[in-house]
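This report refers to the structure that appears directly beneath it.
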Amino acid sequence: MSAPALVKEPALFSVGYEGRSIEELVALLLANKVSVLADVRLNAISRKPGFSKKRLAEALAVAGIAYWHARALGNPKENRDPFHNGDVRGGLRVFRAVLSSDDAGLELGHLAELLSTERVAVLCFERDHDRCHRQVITDRASGDMEQLPVVLLD
């Protein structure tokens, strides 16, 4: 008699690495059984140790978590000031327009495909989901998946 297959319930998470070490981030993802991390930074580089693309992907691989750099879902440099200067609504409005590009559409489609079977965390720097472009991505993905709830990993 074979063991029953483990059922993995798809889920959508939002997480920022601000104020965290790479070890803390990986532990948080593992605790929530995240299987794929979607890095939605335009440029997956960081001065913070462990959070540049190669090192992050390596740390995640050791933990059994897949890494995907969704570059087309990154917030353009010229749209970052509104999020830092208190005009979050303005920044969100501009970012919604960014998501209308063909490349962003393809990556949103890939995210939806992943969410049909995987537990996916959308990652950027900002720890506060409400001050980050991630909220537009997760709102869009959640709606595309018939209101899949978004879990904020604080």
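Checked against (1) out of contact with any Gly (no Cβ under 8 Å at 6 or more places or on another chain); (2) open to solvent by less than 80 Å² (accessible area, probe 1.4 Å); (3) under 23 Å from Phe51 (Cβ atoms), His84 passes all but condition (2). Of all the criteria given as (1) surrounded by 15 or more Cβ atoms within 10 Å (Cβ to Cβ); (2) over 14 Å from the mean Cα position of the chain (by Cα), the one not satisfied by Ala72 is (2). Within segment 127-151, being surrounded by fewer than 18 Cβ atoms within 10 Å (Cβ to Cβ), of a type in the set (D, E, K, R), within 18 Å of Ala70 (Cα to Cα) and touching a residue at least 40 places away in the same chain (Cβ under 8 Å) holds for one residue alone: Arg140. From the list Leu37, Leu29, the lone residue that is in contact (Cβ under 8 Å) with a residue 40 or more places away in the chain, assigned to a helix (DSSP H, G or I), of a type outside the set (Phe, Trp, Tyr) and surrounded by 22 or more Cβ atoms within 10 Å (Cβ to Cβ) is Leu29.
The values are calculated or read from the model by the stated rules, or taken from the named source; none is laboratory data. Note that the structure is a prediction, hence the values are computed from the model and not measured. All Cβ positions, even for glycine, are placed from backbone atoms using ideal geometry, and neighbour counts span all protein chains on display. Note: areas computed on protein heavy atoms with side chains; ligands, DNA, RNA excluded. Shrake-Rupley method; radii C 1.70, N 1.55, O 1.52, S 1.80 Å.
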